[in-house]
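Contents: one structure, followed by commentary.
The values are calculated or read from the model by the stated rules, or taken from the named source; none is laboratory data. Predicted, not measured: the structure shown is a model, and the values here were computed from it. Here Cβ is always computed from backbone atoms with ideal geometry, including for glycine, and neighbour counts include all displayed protein chains. Quick note on the areas: whole protein, heavy atoms, side chains included, nothing else; ligands and nucleic acids left out. Shrake-Rupley method; radii C 1.70, N 1.55, O 1.52, S 1.80 Å.
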Amino acid sequence: MATPVEPDALSYTAKDWLKYGSVAEPSTREKMIMLAIEDIIRVGPADFNAFRVCDRIDIKHPMVNYYFGNRDGLLAEATWWAYREWSQNVRNSMRNAPADPEKRLRAFITEETKWAEHMGGMYLLLQYPLASAGSHVIVSEKYGKNMQDIFDFHLALLATTIIDLRSGKVSSLDYDENSVPSASLLLHPAEVVASGHVAWMTHGLASWSTGQHTATRQMSTRGIKGLTVEMARSSYVDQIIKVARGK
């Protein structure tokens, strides 16, 4: 099936660019990264076309090599860009929620799912960066340590929230990946383990919500015994909260 014709990105405004990050007036390099993300969302990482990115902003194809080395380099930078945006979305969802551990946890699950729906194939590429062996190597070499630190920070946010949920406290979430309270979290091994369970369960729900799972893609229209997507999500979120509570 032919790839849908893209609109001319020369007409993009700040509103269009802000769909993929916090840069309203991106440079040429940043535009290429965000258009790569948009292309991956539309056609998936396997069919991503770096030259199509150039055509959409009317620049020469060799600019891919100039800025990124090759197609794999552009894929790698798109992955790192999206990973940072995912991270910011996670922390904002929990910090902006009411100061209540269950509400914080539900906000995290809800926003993670919404972000996955928005990013589609790009979300899956973040979790399983194997569409291109070359780009995976670049990401690992350039950003592997940073990505691990960010992931550990997210687990710490979840662990802190789970400790609060089980103890009735409301803790501050004002630390970042460079100031994770590791020592105090180690005093709560059960909650730290539970944070991993919650993260994986949420990841599963979010991945399913991208609409890329062939077996269940039409579930809402088939009406399987009255089961709808929203009912399934709501039930699964309740199960995640139970795991967080230790039930």
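In the list [x] 14.0; [y] 13.0; [z] 15.3, the label attached to mean projected area of the Cα convex hull in nm² as derived from the coordinates here is [z]. Residues in the chain average 52 Å² of solvent-accessible surface per residue, probe 1.4 Å, ligands and nucleic acids excluded.
Gain on full extension, evaluated as 0.36 nm per residue between F151 and D47 minus their Cα-Cα distance, stands at 34.7 nm.
The string of couplings for segment 71-79 from the Karplus curve (6.51, -1.76, 1.60, θ = phi - 60°) is 4, 4, x, 5, 4, 5, 5, 5, 5 Hz, one whole number per residue in order, with x for Gly and Pro. Full extension of the segment from S27 to I241, taken as 0.36 nm per residue of separation minus the current Cα-Cα distance, would add 72.8 nm.
Computed from Cα atoms, the angle from the helix 189-209 axis to the main principal axis of the chain rounds to 40 degrees. For the chain, the relative contact order is 18 percent, taking Cα pairs closer than 8 Å that sit 6 or more residues apart in sequence and dividing their mean separation by the residue count. List the lysines whose Cα lies under 24 Å from the Cα of K242, skipping any in the same chain that are fewer than 8 positions away. Filter leaves K103, K114, K169.
With helices as the sole contributors, the chain gives -21500 deg cm²/dmol at 222 nm; each DSSP H run of n ≥ 4 counts as -39500 (n - 2.57), and the sum is divided by every residue. Using a cut-off of 18 Å between alpha-carbon atoms, which lysines can reach K15, once sequence neighbours fewer than 8 places away in the same chain are excluded? Candidates past the 8-residue exclusion: K31.
Highest-first packing order for the peptide set 18-24, 113-119, 239-245 is 113-119, 239-245, 18-24, based on the mean count of other beta carbon atoms within 10 Å. Between segment 38-102 and segment 110-152, how far is it from one alpha carbon centroid to the other, in angstrom? Here the two parts' Cα centres lie 10 Å apart. On the basis of the beta-carbon distance and an R0 of 41 Å, I57 and S207 show a calculated FRET efficiency of 0.85.
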